[in-house]
Structure formats: structure tokens, C-alpha cells
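Contents: one structure, followed by commentary.
Just so you know, all these numbers are worked out from the coordinates, no wet-lab data involved. Just so it is clear, the model here is predicted, and its values are computed rather than measured. Cβ placement follows ideal geometry from the backbone for every residue including glycine, while neighbour counts extend to all protein chains displayed.
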Amino acid sequence: MARTPRLAAGRARALGAPTRGTTNPNRLRRVDRWLVGSSTVRAALTGQDPLVVDLGYGATPVTTVELATRLRAVAPDVRVLGLEIDPERVEAAKPAADPPALDFRRGGFELAGTRPVLLRAFNVLRQYPEDEAARSWATMLARLAPGGLLVEGTCDEIGRRCSWVLLDAEGPRTFTLSCLPAGIDRPSDLAERLPKALIHRNVPGEPVHELLCALDACWATAAPFAPFGPRARWVESARLLAAEGWPVLDDRRRWRLGELTLSWAAVAPNA
Ligand SMILES: C[S@@+](CC[C@H](N)C(=O)[O-])C[C@H]1O[C@@H](n2cnc3c(N)ncnc32)[C@H](O)[C@@H]1O
């Protein structure tokens, strides 16, 4: 859980509180691949001097460095700034800096006064209470550049079970599940890695629970595809889900990667 006080002491008045710094090389490869493959995200990176912020990079800056490398492949002018609320982690990251292309600074949900076109906050909000995490969405969205995007999500320690939400200034737009299909017994195994906005809503009557139940049922129906491998079974499950009328936004090309992206409307919690 995030430690109190909510407003960390210090000159910058960084919004939030330090939490566990667990991270790992390549942990965020799935969300990075999705970002690079998304035409919406790439469009956001095309402006002049595009700034990307990675909020809460953890005990080492490795996933920020990887994000910068991956984004530069599609947006060579991108600048990446890692923000951490824990000053010791900012110091620890300094040797990896290569300003202005890649830098590290202390900051919290106020984004240290920056206005990024893309903000990634991964495995940060899970340690906050649900209501505080909801408020932090609004705080961060208000600080994006015009047309800016926030990707906020959660994954396991080695990045094989992930989910995330893409938001713009208006609020949540899409919801994505991403996994190594060989590493699951059924799609609802991803429930333990739902974003904070959804993890407490995985109960009967809530849309995200209905979605995971429907996806499990599709997975069961897709059992004849198991001999072709778990990935083929995931693809067929996604196809079946879309055929049932769920607002699936992607296609076989992404399903083959173990992904599934739906409109946020499919999972938006009941009021
Ligand atoms: C579990 S680590 C996640 C590291 C990395 N993003 C990853 O997914 O592997 C969470 C980090 O977020 C930082 N953090 C928590 N609240 C924050 C906030 N409001 N602003 C900036 N960093 C924050 C914590 O200090 C911690 O280092």
C-alpha cells in the first residue's frame, strides 16, 4: 500500500507516495509493443518535440530505457522523461540518463510541471486505495498535452500477464488484456492483474466480471484448437468473443500476440 502522507514532503510537492519499487528488465515489453503498434499512439507522437513521461519507474530505470529505445524506432524525435516520487530512485537512475533524449527527475501525479503527449504509469496505482487511484487519473489527464494519452496498467513480475487502459483527456477509451497464452489455464487468470479501476469490480453484476466469464466460455468452446497450441486457442477465443457482439477493436494480427483490446464501454464499472 502507498505510504502516507499523500502529498510527499519536499520542494517539488510531488503528488503521491512512494511504494514498492519492484521492476524487471523486459517486464513491460507487451505494453511497449502495443504502444508502438497503435496508430492512435503513433499519431500522438508525431508533433514537434514529443515528450513521453514514464511515471513510477521503480528501483531501477530499466523499463524507461527500454521504452525510449522502442519508441524511437517509430518516433525518432521522442524525448523520454522518467519520473519517480522516491528521490533515491531518481539518483540511482542518473547514470542511465542521456539528456535531452532520456532523463530522470523527481515527480508524482502532477508530472513535475511537464505536458507529455504520452504518459505511461505501470504498476503504480495498484498500491493505492481505489478512490485515490481514481482521483489520480483526473490529476494526470488534466496535465497531458492537447491530444495526449495515458496508458495505465498492471502486470506480473515477468510481464506475461498484463492489462491496461488507454485514456485521453475525456477519460478511458480502451481496455487491453495481454498474456502469454501458454502461461494461463484460462483467460480469467488475468483477473489478478487487472488495473486498479477494475480489480475490485471483478464480482458478479459488474461488466469486467461478465467479460472474463464470457472469455472463459469462449476459451472452453475453443478447446478443439488446443492441439494447435495455446496461441491458436487464444485467437479462436477472441474471434468467438467478437462474434458474440462484444466491442472487440483489434483483429487476428494482434490476437496472435496474446492481446485483446475492447472498447472501455465493455468493462466500465457500474456507478
Ligand atoms: C512497482 S514499481 C513499478 C516500476 C515499473 N513501472 C514497472 O512496472 O516495473 C512502482 C513505483 O512507482 C513509484 N510511485 C508510486 N507513486 C508514485 C507517484 N505518485 N508518482 C511517481 N512515482 C510513484 C514508487 O515509488 C515505485 O518506485
- In debye, nearest 20: dipole of the chain around its Cα centre with unit charges on the Cβ of K, R (+) and D, E (-)? 440 debye
- State to the nearest 20 debye the size of the charge dipole of segment 181-266 about its Cα centre, where the only charges are +1 on K and R beta carbons and -1 on D and E beta carbons. 300 debye
- Once label points are set 7 Å from the Cα along Cα→Cβ at both E132 and D189, what is their separation, rounded to one decimal in nm? 3.2 nm
- Task: Quote the relative contact order of segment 181-266 in percent (integer), defining contacts as alpha-carbon pairs under 8 Å separated by 6+ residues.
- Result: 24 percent
- Query: Tell me, which cysteines of the chain are without a disulfide-compatible partner by the Cβ under 4.7 Å rule?
  - Reply: C179, C213, C218
- Query: Debye sum, Cα scatterers, segment 1-169, no solvent: what log₁₀ I/I(0) at q = 0.11, 0.19 1/Å?
  - Reply: -0.38, -1.30
- Can you give the angle from 0 to 90° between the axis of helix 230-243 and the longest principal axis of the chain, with both taken from C-alpha atoms, to the nearest 10? 80 degrees
- Please sort by residue number the GluC sites (Glu not before Pro) in segment 183-254 whose DSSP state is loop and whose Cβ has at most 12 other Cβ atoms within 10 Å. E244
- Message: Just to confirm my numbers, what's the Cα centroid distance between segment 84-153 and segment 46-82 in Å?
- Response: 11 Å
- Message: Sort I184, I158, I85 by Cβ crowding within 10 Å, fewest neighbours at the top.
- Response: I158, I184, I85
- Message: Taking only the Cα atoms of segment 181-266, how large is their convex hull per residue, in Å³?
- Response: 91 Å³
- Query: Which of rounded, prolate, oblate describes segment 18-59, given a ≥ b ≥ c as roots of the alpha-carbon gyration tensor eigenvalues and a/c under 1.5 marking rounded, otherwise prolate only if a/b is larger than b/c?
  - Reply: oblate
- Computed over the chain: relative contact order in percent, which uses C-alpha pairs under 8 Å that are six or more apart: 15 percent
- Task: Could you list the GluC sites (Glu not before Pro) in segment 99-180 that lie in coil according to DSSP, counting only those with at most 14 other Cβ atoms within 10 Å of their Cβ?
- Result: E157, E170
- Under the rule of -39500 (n - 2.57) per DSSP H run of 4 or more residues, summed and divided by the residues of the chain, what mean residue ellipticity at 222 nm is obtained, to the nearest 500 deg cm²/dmol? -8500 deg cm²/dmol
- Task: Please check the chain for the longest run free of trypsin sites (Lys or Arg not before Pro) that are loop-located per DSSP (anything but H, G, I, E, B) and have at most 16 other Cβ atoms within 10 Å.
- Result: 21-255
